[in-house]
1. Kindly establish whether ALA427 is open to solvent by 30 Å² or more (accessible area, probe 1.4 Å), aliphatic (A, V, I, L, M) and in the same structural domain as ALA368 (by TED's automatic domain parsing).
2. Based on what the data block shows, is GLY128 crowded, with 17+ Cβ neighbours inside 10 Å, in the same structural domain as GLY461 (by TED's automatic domain parsing) and of a type in the set (Gly, Ala, Ser)?
3. Are there any pairs, at least 6 apart or on different chains, whose C-beta atoms fall under 7 Å, with the first in the range 104-123 and in the same structural domain as THR137 (by TED's automatic domain parsing) and outside any strand (DSSP E or B) and the second open to solvent by 30 Å² or more (accessible area, probe 1.4 Å) and of a type in the set (Gly, Ala, Ser), and if so, which?
4. Mind counting the residues in the range 391-421 that are open to solvent by 10 Å² or more (accessible area, probe 1.4 Å) and out of contact with any helix residue (DSSP H, G or I) (no Cβ under 7 Å at 6 or more places or on another chain)?
5. If you scan the range 167-216, which residues turn out to be among the small types (Gly, Ala, Ser) and outside the structural domain of PRO331 (by TED's automatic domain parsing)?
6. Only one of (1) within 29 Å of ILE150 (Cα to Cα); (2) outside the structural domain of ALA186 (by TED's automatic domain parsing); (3) among the hydroxyl-bearing types (Ser, Thr, Tyr) is not met by SER257, so which one is it?
7. Out of all the residues in the range 32-76, which are open to solvent by 10 Å² or more (accessible area, probe 1.4 Å), away from the ligand (no atom under 12 Å from the Cβ) and outside any loop (DSSP other than H, G, I, E, B)?
8. All but one of (1) under 30 Å from ASP333 (Cβ atoms); (2) away from the ligand (no atom under 16 Å from the Cβ); (3) touching a residue at least 12 places away in the same chain (Cβ under 8 Å) hold for ALA261, so report the exception by its number.
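The values are calculated or read from the model by the stated rules, or taken from the named source; none is laboratory data. These numbers come from a predicted model, not from an experiment. Because the Cβ atoms are built from the backbone with ideal geometry, glycine has one as well, and the counts that use them run over all protein chains shown. Accessible surface areas use protein heavy atoms only, side chains included; no ligands, DNA or RNA. Shrake-Rupley method; radii C 1.70, N 1.55, O 1.52, S 1.80 Å.
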Amino acid sequence: MTSEGLRMEPSVAIIGAGFAGLCMAIHLEKAGIRSYTIFERGSDVGGTWRDNTYPGAGCDIPSHLYSFSFEKYSSWTCRYPGQSEILGYLRMCADKYSLRPRIRLNTEVTAAAFDETLGRWRVRTRDGEQLFDVLVTGMGQLSRPRLPDIPGMSDFAGVAFHSARWDHSQDLSGRRVAVVGNGSSAAQLIPRIAEVAERVDVFQRTPNWVLPKPDATFGEVTGTAFRYLPFLQRAYREWLLRYTEIVAHPVLTDGWSAPLARRRALNHLRAQVPDPRLRAKLTPGYPIGCRRIIVDSEFYPALSRPNVNVVTDEIVRIAPEGVVTTEGLHPADVIVYATGFLAADFLAPVEITGRRRRRLRQEWEGGAQAYLGIAVPHFPNLFMLYGPNTNLGHTSVVFMIECQVRYVMGCLPYLAERGPMEVTPEAMRAWRLRLGRAMESTVWRAGCTSWYTDATGRVTGNWPATVALYRRITRAPRPAAFRFSR
Ligand code: NAP
């Protein structure tokens, strides 16, 4: 392998202009590296926050934590930001750091292959092929909507769409709406559509644990304080982070706070759902935290409305007139599929080929895995952001992204000095063992179905430990874990 392409300032291809891609670009800009291109298949920056525009879309992680540590924002209007505010924040970041000239919108990367002779990546889009030293993926885990495979879906005579592809041309006022699914997206959109629809049938397969959302608007005094006293923002963010680590994380390992969280969720259910029959339907029968906990205070009241019906019979098929369950037809004018995302198919739309024509898809046939969630053996200079096992069930994933970006920045001097780098199979094996051991103490092992796991039941989505540990182990690359071409 020659290393013709490895200059002091490497060229970097970034896929995706969401939180991850923008964070990478900002750090390159800060380091004075301008030889990067962000390829974005959509028409704007923002990733999932550009795509998910369903009514009520927002984040259940507080805004001060669900944002970059280096880009504090005093304009948040409330503790839990809505979709448009988060999108506004990301757009502001793209503008403030002058990223836009290097973002190629409406440009999907279809394939990327490592050219061993050049020691560079050939990145393919519809415009042709371009060479880069480094390939960084920031494609998200929740970017590709998953439609269910229910017989008769194409026969439906009304309008149907996925929650992440909301059809805003449809006025739901006075209409009969079927919502398939009851995850975090459904929990946010049902209260909004129940206010206008004639009737909403919610098709629930598995009940979820729901905790109240202690939202609050930031008034003028708080806003001004955040604006003029930056240490206040820093302290608030730090407090939020510590709280999630110390109180929320043990829920995921069935630790000291798990019984408290369970009791809080059951109290929330009792307080908000007076009907004991509906309560029974909504009571989960698996450990709290095993699937993504919903944090919402409007979901249960919406389900208790007279025009909302929670259907727990199995869906058999979709008929032209509506949804057919084992108990019969539920007529509908509109079907909303709030059925989640193809989360386990990491990087799937892009055909990625490493050394010796190894295809990432084949390497991952037994489930996606990456050293620190970032690097894969045989794929030199490929770095993943928000890759396998880096999702969180208790705090902000933006924190993880920042750790990964710092790690990649730490790799760049090695690349310049020692040529393309790839993680060794030994380091990967040791990582897998370590991850497996940590996974054993989590509630995800309880066997419930969720997007945290792949088809074989292996947890490929989530990080099993604290984010403090992740920050520590990703602080700087360990050269011994890599093989260099020079
Ligand atoms: P999800 O949590 O994966 O939920 C999908 C829902 O669809 C589940 O209720 C699932 O039932 C149901 N479903 C799937 N296929 C079905 C079928 N064939 N028949 C009947 N039901 C079916 O998806 P999501 O609600 O879009 O949320 C995904 C993730 O996005 C969340 O977990 C969260 O991490 C993130 N999110 C975050 C926020 C936030 O506030 N931060 C908001 C929205 C989304 P089963 O459960 O039985 O499989």
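1. Numbers: open to solvent by 30 Å² or more (accessible area, probe 1.4 Å): no; aliphatic (A, V, I, L, M): yes; in the same structural domain as ALA368 (by TED's automatic domain parsing): yes.
So ALA427 fails the test.
2. Answer is no for this residue.
3. Every condition considered, the pairs that remain are LEU105/SER43; ASN106/SER43; GLY119/SER485.
4. Within the range 391-421, residues that are open to solvent by 10 Å² or more (accessible area, probe 1.4 Å) and out of contact with any helix residue (DSSP H, G or I) (no Cβ under 7 Å at 6 or more places or on another chain) number 8.
5. Passing the criteria: only ALA216.
6. It fails just one condition, (1).
7. Answer for the range 32-76, where residues must be open to solvent by 10 Å² or more (accessible area, probe 1.4 Å), away from the ligand (no atom under 12 Å from the Cβ) and outside any loop (DSSP other than H, G, I, E, B): THR37, ARG50.
8. (1)
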